[in-house]
Amino acid sequence: MKKKVEAPDIYFMRLALAEARKAAARGEVPVGAVLVKEGRVLARGYNRPLASSDPTAHAEIVTIRKAARKSGNYRLPGSTLYVTVEPCPMCLGAIIQARVRRLVYGAEDPKAGAVVSRLKFNLSQANHRPEIAGGLCQEECGQLLKDFFRQKRRGKIHQAVENRTALK
Ligand SMILES: [Zn+2]
């Protein structure tokens, strides 16, 4: 992925990482996002489909919704969205709808990513094409996911053992 990192990118990505950690603490897949306009954080959010019973409550959607409400505008021209993981097709669609100027993401999502991964969008025909930079803080962003899924697997194994015990 082309890396056109701008000076404050790391700072804002760290804020997105803090959001991702909030998701992990709540048992949600750790993805966090921050939307910045004119150097200021307009909104931040984390992945929370379980807590919201909402399959669309990805970090990017949560953040874009908050930012749009806050600015009283369904479009967010001139904004930059920082997200810890490569967006899925739904979120990339929302980013285009919202006219986000620039997208900066961390780790790639080989299974569901829509920028460079398996579900890659063809943006050449899109009526709005955000500038995209990927791979920022990707190790930290990816490690958060790895740790989360490792813990989850352990939890599941634990649960399975408990169920077996209960059946005896
Ligand atoms: Zn998504």
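The values are calculated or read from the model by the stated rules, or taken from the named source; none is laboratory data. Since this is a predicted model, take the numbers as computed values, not measurements. Backbone-built Cβ (ideal geometry, glycine too); neighbour counts: all protein chains shown.
Structure summary
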| quantity | calculated |
| --- | --- |
| Residues of segment 93-111 satisfying the condition of being free of Cβ contacts under 8 Å to residues at least 24 places away in the same chain and either within 22 Å of VAL5 (Cα to Cα) or within 10 Å of the chain's Cα centre (by Cα) (or both) | PRO110 |
| Selected residue (criterion: nearest to the ligand (Cβ to nearest atom)) from residues of segment 31-40 that are over 15 Å from CYS91 (Cβ atoms) and surrounded by 14 or more Cβ atoms within 10 Å (Cβ to Cβ) | VAL36 |
| Identity of the residue in segment 58-92, within 10 Å of the ligand (Cβ to nearest atom), touching a residue at least 40 places away in the same chain (Cβ under 8 Å) and touching a Leu at 6+ places or on another chain (Cβ under 8 Å), that ends up farthest from TYR46 (Cα to Cα) | VAL85 |
| Selection status of ILE132, within 16 Å of the ligand (Cβ to nearest atom), in a helix (DSSP H, G or I) and buried (at least 19 other Cβ atoms within 10 Å of the Cβ) | no |
| Among the residues listed as ALA33, ALA16, ALA20, the single one being in a strand (DSSP E or B), modelled with pLDDT of 95 or more and either within 16 Å of the chain's Cα centre (by Cα) or over 27 Å from ARG75 (Cβ atoms) (or both) | ALA33 |
| Pairs with Cβ under 6 Å, 6+ apart, first in segment 35-47 and over 15 Å from ALA7 (Cα atoms), second β-branched (Val, Ile, Thr) and assigned to a strand (DSSP E or B) | VAL41/VAL34; ARG44/VAL34 |
| Test: ALA23 is among the small types (Gly, Ala, Ser) and crowded, with 19+ Cβ neighbours inside 10 Å | yes |
| Tally of residues being free of Cβ contacts under 8 Å to residues at least 40 places away in the same chain, over 14 Å from HIS58 (Cβ atoms) and not aromatic (Phe, Trp, Tyr) across segment 112-127 | 9 |
| Answer residue from segment 77-112, given it is assigned to a loop (DSSP other than H, G, I, E, B) and touching a strand residue (DSSP E or B) at 6+ places or on another chain (Cβ under 7 Å) and is surrounded by the fewest Cβ atoms within 10 Å (Cβ to Cβ) among those | GLY78 |
